[in-house]
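What follows is a set of notes on a single structure, which appears directly below.
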Amino acid sequence: MNITAAQTAIPAVTLEAPDAAATEAFYAAAFGLGDKIRVRASQAPTSGFRGFVLSLVVSQPSTVDSLIGTALDAGATVIKPAKKSFWGYGGVIQAPDGVLWKIATSNKKDSGPLTREVDDIVILLGVENVKATKQFYIDQGLPVAKSFGSKYVEFEAPAGSIKLALYSRKFAAKDAGVDPEGTGAHRFAINTNAAPCTDLDGFDWETTGA
């Protein structure tokens with residue numbers, strides 16, 4: 001694959017679950033993200049941490065609480081309750097299909113009326129070797145936006161596109177509040193308008209026309 005600068009957009013992600021209809025209904029009720037979250041049926045065996053977290057970045061704490069609230073009402077479970085920290089306010093929930101979601105804001109106080117607007121969707125990949133995976137994506141033409149050695153890497157994304165970031169697998173699991181051990185399929189694919197590929201940790205990029 002050779003992803004050029006003009007081909008780095010990630011319009012959607014595809015989640016795999018045994019009951020696709022129920023999973024689609026959950027995401028519609030929980031977050032209302034439309035076709036950015038796609039679902040297909042799969043019985044691929046998986047257990048424990050799947051190596052990724054999906055993050056919703058929002059503007060203020062009330063939005064965090066609202067999104068977590070509707071997710072819980074739709075059947076999600078709390079992994080890390082929403083609370084203030086030195087970096088802002090946020091929490092982690094697990095959807096019925098097993099996917100971990102981090103909902104967070106860098107602001108510790110509300111600055112306006114409640115909205116459910118999501119500023120960014122971020123794919124947080126937990127990888128075995130951050131430097132090697134960073135280089136893999138650089139070689140495919142993805143520009144780096146932020147990089148903190150072997151700890152964290154974030155790639156540039158066009159407006160409206162889902163963002164991609166890298167942590168070590170151990171840190172990604174710790175940040176999400178789960179054990180890093182896990183086996184089996186990721187049950188997850190990154191949708192792009194570039195050519196398909198599979199990265200160093202087995203995360204699939206699939207070509208989409210949208």
Mean ellipticity per residue at 222 nm, deg cm²/dmol - from DSSP H runs of n ≥ 4 across the chain, formula -39500 (n - 2.57): -6000 deg cm²/dmol
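If the limit is 26 Å between Cα atoms, which of LYS83/LYS163; LYS102/LYS151; LYS36/LYS84 go over it? If you can, show how the numbers build up before the last one.
Details: LYS83/LYS163 24 Å; LYS102/LYS151 18 Å; LYS36/LYS84 28 Å.
Violating the 26 Å limit, Cα to Cα: LYS36/LYS84.
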Principal axis dimensions, largest first and in whole angstrom, of the stretch 73-132 by Cα: 42, 30, 20
Separation of the THR198 and LYS170 label points, Cα + 7 Å toward Cβ, nm: 2.6
Residues of the chain: accessible area per residue with a 1.4 Å probe, Å²: 46
Dipole-positive endmost among ILE123, PHE148, GLY112 within the stretch 111-154 (Cβ charges, Cα centre): PHE148
Carbon plus sulfur fraction of accessible area for the chain, probe 1.4 Å, in percent: 54
For q = 0.08, 0.09, 0.16, 0.17 Å⁻¹, Debye-computed log10 I/I(0) when each Cα of the chain counts as one equal scatterer: -0.25, -0.32, -1.12, -1.28
Contact order normalised by residue count of the chain, Cα under 8 Å, 6+ apart, percent: 28
Cα shape, the stretch 130-210, gyration tensor, a/c 1.5 rule: oblate
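Please find the FRET efficiency linking VAL144 to TRP87, where r is the Cβ-Cβ separation and R0 is fixed at 25 Å, and quote it to the nearest 0.05. Before the final figure, lay out the partial values.
Working: r = 21 Å, r/R0 = 0.84.
That gives a FRET efficiency of 0.75.
Rounding to the nearest 20 debye, state how big the charge dipole of the stretch 23-172 is about its Cα centre with +1 on each Lys and Arg Cβ and -1 on each Asp and Glu Cβ. Could the numbers behind the result be given before it?
On the way: 18 positive and 13 negative charges, 114 e Å.
It works out to roughly 540 debye.
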Electrostatic dipole magnitude of the stretch 122-163 [Cβ: Lys, Arg +1; Asp, Glu -1; Cα centre; debye, to 20]: 120
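At a Förster radius of 41 Å, what calculated FRET efficiency corresponds to the Cβ-Cβ distance of ALA132 and VAL78, to the nearest 0.05?
Result of the calculation: an efficiency of 0.75.
The values are calculated or read from the model by the stated rules, or taken from the named source; none is laboratory data. Predicted model, so just to flag it, every value in this text is computed and none were measured. All Cβ positions, even for glycine, are placed from backbone atoms using ideal geometry, and neighbour counts span all protein chains on display. Side chains included, ligands, DNA and RNA excluded: accessible areas come from the protein's heavy atoms. Shrake-Rupley method; radii C 1.70, N 1.55, O 1.52, S 1.80 Å.
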